[in-house]
Structure formats: structure tokens, C-alpha cells
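The next block holds one structure in the form of C-alpha cells; read it before the comments.
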Amino acid sequence: MKMKHILIGAFAGVLLASGAALAQAPDTAGPPGRPDIHKVDDWFVRCFPVQSPSPCDMFEELDSKAGQRVLSLSLAYVPSLDRHAIQITVPLEVSLAKGLTINTDSYNSPVMHYRRCDRNGCYVEMAVDNAMVESLAKSGPQGKLTITADNGKTYGLAISFKGFAAAHDEMVSQARAKAKPVSKTADAPAPTPGATP
């Protein structure tokens, strides 16, 4: 059981590190480095022109009337591992201990804990099992993220799941077509004579 948690943590760390690099790519690259973004109902499928085990994600963002981001949810897929990772960004001044939940008409997630905060908000970043993704895909169009503020007040941030299943299918298809092949032997260094493995 302990090894399972270590492996999941390692997977999430690698995926989130690559995701952070991908998220910065459009800001630092010129026009050739811009991601390809396609709208599917209320979701966007985004693929980056870089070599990565996870070249695509799907996301939804909600902004306030003043144009400030209130919520964003991004789901990435790693074809070689058949695994997903999620990143959710919410405003600052949330209760870190309380975490957040995703709720739909047919699915209630376990509490998802924040991994870090910066000046842009607080982030849930973790690997999620395929069963959760399948449950969200089968949900009705209306959902919410439930967060708790520092003062103990609970808020439900509306999020749409309209198009989630179709966007997910498109993301998975594109990710499989674009993913960097993972070689277990080709990149391994040759053993040094007399070295102990």
C-alpha cells in the first residue's frame, strides 16, 4: 500500500512538472510554439507543439465580471501510462485544511487537498483514477466545486460538464497521436564493466 502511494506521488510529480512547463510554453514561445486549442461545448482541448509524454489537456476557466480568473480545471492524460492528472486553481484565502470537492448530479468526489499556493491562487494537483474521469463523463451538464474560505464559509463555484465526455475523447485521441514514445531500453545508458547494478 505504501509503495502504491509512492508510485502515484512520483507519477503526479513528473506529470505536473511537465504540465507546468507546457503551461508556460505559449508565454515564452513565438507563434510557432502556440498550442492548438479547440472548443468542445464548454470545454477546450489544448495540444502543445512540444515533445512530451502528455502533450494535450482539456480545460475550463471561469472569470469574474472584472476579468479575473475565479476557477480553472485542467485534466491531462498520459497515454503510455493510461493515467490522468488534474489541476484545479481557486482563489486565495481558502481553508487549506478543508480542501475542495467536485459535485455533479451523479458524482461526489472525495476531498481533494491543495498542493501549493502562489499569488495567482491555490492549486489542487494530483493523479486521479480513470473511474473518477468516467464518472464525470457520465454526469449531467451542471456541476460545482465546493470550497471553504478561511472564515469557514462554504462556497459552491459552478462548473459546466457540458461537452466533458466529447472533449475527453478528443483529448485522449490527440494525446495518443502526439505523445512522445516512452522507451524503456533505448535511452538506458550502457552498463559500466564491473559496476554493481
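Per-structure values
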{"quantity": "Trypsin sites (Lys or Arg not before Pro) lying in DSSP loop within the stretch 57-122, provided at most 16 other Cβ fall within 10 Å", "calculated": "Lys65, Arg115, Arg119"}
{"quantity": "Entries in Lys39/Lys144; Lys98/Lys178; Lys39/Lys98; Lys144/Lys180; Lys39/Lys65; Lys98/Lys180 that, when Cα-Cα distance is taken, lie over 26 Å", "calculated": "Lys98/Lys178; Lys39/Lys98; Lys144/Lys180; Lys98/Lys180"}
{"quantity": "Gyration tensor (Cα) of the stretch 102-150, equivalent ellipsoid semi-axes in angstrom", "calculated": "23, 13, 9"}
{"quantity": "Residue order, fewest to most beta carbons within 10 Å, for His84, His38", "calculated": "His38, His84"}
{"quantity": "Pairwise centroid distance, computed over Cα atoms, of the stretch 48-85 with the stretch 111-141, Å", "calculated": "11"}
{"quantity": "Exposure proxy order (Cβ contacts within 10 Å, fewest to most) of Ile37, Ile88", "calculated": "Ile37, Ile88"}
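Every number in this text was worked out from the coordinates using simple rules, so none of it is lab data. For clarity, every value in this text was computed on a predicted model and none was experimentally measured. So basically every Cβ, Gly included, is an ideal-geometry build from the backbone, and we count neighbours across all protein chains shown.
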